[in-house]
Amino acid sequence: MSTGHVLLGLLSERPKHGYELKKEHDQRLPGAKPLAYGQVYATLQRLERGGLTEVAGTAQEGGPERTVHAITEAGRAELDRWLAEIEAPAPYVASPLFARVVVATLAGGTAEEYLLRQRAAHLTRMRELTARKASGSPAQVLAADYALQHLDADLRWIETALERHTVLKGETDA
Amino acid sequence: MITVVRMLARGRSRRERARGRLMAAGAALATVLLCAAAHLTAFRLDARRGALGILTEKEPRLMVALTLALLAVPAAAFIYQVSRLATATRERRLAALRLAGATPREVRLTGAAESGWSALAGGTLGAAVYLLAALVARWSLGDVVPVRPLLWTPVVLAAVVLGGALSGLRAGRHVVASPLGVVRRARPRGPRVRDLALVALGVGLLAAALAGKGRFLLGGKYGAAVAIAAGAVLLLFGLVLATAWLIRMAARRAGRGAAAPETLLAARMVEADPRAWARALSVVGLTVFFGSAVGAHQALTVFQSDLTAFQAASYALLYLALLTAMVTSAGALVAHQAEALLDHRRSFAVLAASGVPVPALGRVLTRQALVAALPVCVVSAVAGTGVVVLLLAELYARRPGALAVSVAGAAAMAGIGVLAAVLVARAARPILRRWVRPGELRAG
Amino acid sequence: MLEARTLRKSFGRTTALDGASVEIGEGEVVAVTGPSGSGKSTLLHCLAGIIRPEAGEVLFAGRRLDTLDEDARTRLRRENFGVVFQFGELVPELTAEENVVLPLLFGGRGRRESLEAARSWLERLDVADCAGQRPAELSGGQLQRVAVARALAAEPRVIFADEPTGALDSLAGERVMGELVGAARESRATLVVVTHDNRVAAYADREIALRDGRVVAGATAATGGTADGTPGEAAAGASAAGGVSR
């Protein structure tokens, strides 16, 4: 994911200054890692050099004077191009969870117990997310949905692994 | 084609087999009744033998023949009711045929062949029984009983089989349109205006025939007889279908004011499908109608001291016919009850699981019967008595007690009709108990 | 509140429950999970007194439930339990409102009082507009919310739900679960949800996991997902989606 494109997206609403961009980024993408100020300014500079944004003036609301940035025509075109692209479906089978479950099933005996504990941990996290959804902002609900469905996918995979494990074990025992 | 039918016959469920047998029984009954009616019109007229006069005298003989022919109506209603049993399994089977690549035509033909076969088996049995009875009658009564009209028997048989096959053609019509049609259960239709048109047509035919005083536009005397019979049958069918309106109205009223949950549920269930109840109760209504009419007529003779053996015999025969009709109607009611229970099985199971006692569900069944049967029987009784009282108003005026007697008779007939419906509903309780077990609740 | 001890139940040659034991506290929201055929629904039916186990005991509020006769169990179900089924299972001939009223009438309440209760529950679940419609005219989500209203209207102490979102898409399912959990917490009723959907299970305070007719996790509150054992306190008056006690 490109931070530049996210900033372009935020600017497509209206011209904003750097601090505003940082705040909105963290608010709209609550699941993502918070953005550092330095990164915001570096990215804005890069965008401006490429002609995708331009300085639209300054604003002062009690505090220090801030530069307001606006998206250019070229910037809009770039944003559209990026939105038209699809994300390559990426099965992250290299995740630590995957490795652990595979090793656990190989180890035999303790696999089932481990998988059940992993399941409990996942469910606890899902419970927290579900509770958060009840009172969260729309952005938080979206983020919680995303996390919930991924955790659910993990759980379903663990479930299948458990059953396969039983089946495979039956085969080798026989 | 025949191979397919045979293959399917082997795989039939027990319920479907039972339906086949019941259809055959209905066909046998219809055949016997129609054969008797056809034969009777040809009995020799001259030989007058006391009580047998009703079979040999012209006027009463025609009435008896007509009664017998009309008795075939309940038999037909019974066959139709039975043909609706196990409809779900049957339609699923026919749909599977469609999905397996059979054309709509082939599915229709399969259905027709199946029910035609049941009708043929039953009809043959009925014809055999009647021929035997006719031979016994010939042997005991001599030449009063002509032999040649027995040649009509194959014609009657053919008509019965044709009727069976036609009902089979209709049976697959939900499936024919779409192989997946059975999945979507159409909402049962309400009463239609067409039903009232039948009543009008029947009344018209009867009026035309009666106005001609034994003569008719076509076919003279025989034409008049045929027109009367056809008019009566049309009128009866129309009235039966019109009872759907009556039942729905009664159910709606009962539901609106219901304080007891059993009544509310029963009324709403009847209201949702009044046609099914009208069909099932049609025969009961007919019986009550005729019973009240006969009772009203008899009320006049109660005050006669000189009741002849002839009259006694004719009443005996009429009551025998009424008994037959009542038994047939009870059969149709049982078939309907089974169908209705099957329909509502899941609802009842869910209610039982949520804490509704099974006896209360049993009360729902009996109240359904009450809500539907009461208006039908009351209207039939009033109509039956009314017709006779109006026709014989003069005689009634001369015998003041007769009216009270006929009203009492009509009330008794209506009571018997309602009682029959309620008893059938009560008899269904053990099935209900078996069907509300939680096994019914297992999802998917 | 609700307890099962070493339940056994088989249907023909399949064993549905093979020594399952659970303990459920008052006001708790638990999810019974497990792969298909693990005995979830059978456990629910045993706990709700719909069927009797072949061996073992079921206790409700300290009273043996499995030894009661059919009449007594039916009365107990009617007075204390509410059930929500997978497909709503409303009576198709009755309107939504009448479906909610019916169990109340069977419970011996007056017509007017029942109607009022039904209306307020339909309103609470945001299906008051559908009161006069029959089930065939309702969407899956509306249908299920009416079913929830029906289960809750008699103010049961325990609500059993068997795959309540099984026939719904995820948003409609979320709404139904939110209402169900929220209403249960508000009326301090115990809620037992059978589900194979982890996202539904995540609404519960605790998961009771079944495998092959045995409980493998979460048999008692102490071994369950939340350890504090005071579910619902914080969320009792919370929003419709219901909260979790942490």
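Where a number appears in this text, it was derived from the coordinates with a stated rule and is not lab data. Small disclaimer: the values here were computed from a predicted structure and weren't measured. FYI the Cβ positions are ideal-geometry reconstructions off the backbone, even for glycines, and counts take in every protein chain you see.
If you take every DSSP beta bridge fully contained in the stretch C:2-223, what fraction is antiparallel? Give it as a percent rounded to 5. Walk me through the numbers on the way to the answer.
Values: 18 of 35 bridges.
Taking every DSSP beta bridge with both residues in the stretch C:2-223, the antiparallel ones total about 50 percent.
What do you get when you divide the Cα radius of gyration of the stretch C:63-152 by 2.2 N^0.38 Å, with N the number of residues?
Details: Rg = 13.8 Å, N = 90, 2.2 N^0.38 = 12.2 Å.
Rg over 2.2 N^0.38 Å, computed on Cα atoms: 1.14.
Which of the trypsin sites (Lys or Arg not before Pro) found in the stretch B:336-444 are in a DSSP loop and have at most 15 neighbouring Cβ atoms, other than their own, within 10 Å?
Details: sites: B:R345, B:R346, B:R363, B:R367, B:R398, B:R426, B:R433, B:R434, B:R442; in loops: B:R442.
Of the trypsin sites (Lys or Arg not before Pro), the ones in loops of the stretch B:336-444 whose Cβ has at most 15 other Cβ atoms within 10 Å are B:R442.
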Give me the percent of Cα-Cα pairs in the stretch B:314-444 that sit more than 17 Å apart, rounded to a whole number. 66 percent
Per residue, the convex hull enclosing the Cα atoms of the stretch C:97-197 spans a volume in Å³ of 94 Å³
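Per residue of B:262-272, how many C-beta atoms from partner chains lie within 10 Å of its own C-beta, taken as a mean?
Numbers: counts 3, 1, 7, 8, 1, 2, 9, 4, 1, 1, 5.
Across the residues of B:262-272, the mean count of other-chain Cβ atoms within 10 Å is 4.
With Rg and the Kirkwood Rh both taken from Cα atoms, where does Rg over Rh land for the stretch C:2-223? Before the final figure, lay out the partial values.
Numbers: Rg = 16.9 Å, Rh = 17.5 Å.
Ratio of gyration radius to Kirkwood radius for the stretch C:2-223: 0.96.
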When the Cα centres of the stretch C:127-198 and the stretch B:236-291 are compared, how far apart do they sit, in Å? 34 Å
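Is there a simple number for the mean count of other chain Cβ atoms within 10 Å of the Cβ of residues in C:44-51, and what is it? Numbers along the way, then the final one.
Working: counts 0, 5, 0, 0, 4, 2, 8, 5.
Partner Cβ neighbours, averaged per residue: 3.
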The stretch A:3-84: radius of gyration and largest Cα-Cα distance (Dmax), Å: 12.2, 40
Which far-off residues, 5 or more places away or on another chain, put their amide H under 5 Å from the one on C:A217, with H placed in the peptide plane? C:A209
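What does the structure give for C:104-116 when I average, per residue, the other chain Cβ atoms found within 10 Å of the residue Cβ?
Going residue by residue through C:104-116 and averaging, the value is 3.
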The stretch C:31-87 versus the stretch B:94-166: alpha-carbon centroid distance in Å: 54 Å
Could you tell me, in Å, what Rg and Dmax come out for the Cα atoms of the stretch A:14-54? 10.6, 30
Please compute the alpha carbon radius of gyration of the stretch B:233-388, then divide it by the globular-protein estimate 2.2 N^0.38 Å. Two decimals is fine. 1.24
Quick one: which residues, 5+ away or cross-chain, put their amide H under 5 Å from the amide H of C:G27? H built at 1.01 Å from N. C:T190
